[in-house]
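The values are calculated or read from the model by the stated rules, or taken from the named source; none is laboratory data. Keep in mind the model is a prediction, meaning the values are calculated, not measured. Note that each Cβ is placed from the backbone with ideal geometry, even for glycine, and that neighbours are counted across all protein chains shown. Areas reflect the complete protein model, heavy atoms only, side chains present, ligands, DNA and RNA absent. Shrake-Rupley method; radii C 1.70, N 1.55, O 1.52, S 1.80 Å.
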Amino acid sequence: MKILVIGAGVIGSVYACKLVEAGHDVTMAARGERLADLRTSGLVIEHAESGERSAVAASAVSAPDPAVADALVLVAGRAEQRPCPLP
C-alpha cells in the first residue's frame, strides 16, 4: 500500500518506520533540514531506552503529489499545530 506521512517529526517518523518494516511504500513530506536529512540518510530511528539505531528507506518530498490518488495519508502533528481546536 502507498502511504504518505505528513509530519516527519518523532511520531510521524516512528509510524513511517514501522510501516516500511511492514512492507508498505512510504513517502514522507518534510521541509528544510529534515527533508535534506531524509534524502541523504534515509529514515533513521533511535530507540529511546537502548539507543539502538535502525534505518529504513523511505522517499521524501517537499509537497504531496496530487496525482497520487491511491495513497493513504497519515498526518502527524502536535496539538498546537492544528488550525482549530477539537471539541
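Key figures for this structure:
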quantity	calculated
Karplus-derived 3J(HN,Hα), 6.51/-1.76/1.60, for each residue of the stretch 31-42, Hz, glycine and proline x	9, x, 5, 5, 4, 4, 4, 4, 6, 8, 10, x
Percent accessible area from carbon and sulfur atoms, the chain, protein chains only, probe 1.4 Å	57 percent
Dipole in debye (nearest 20) - the chain, about Cα centre, beta carbon charges: Lys, Arg +1; Asp, Glu -1	200 debye
Average projection area in nm² (convex hull over Cα atoms of the chain, one quarter of hull surface)	7.0 nm²
Amide H partners (placed H, <5 Å) of Val5, local residues excluded	Thr27, Met28, Ala29, Leu74
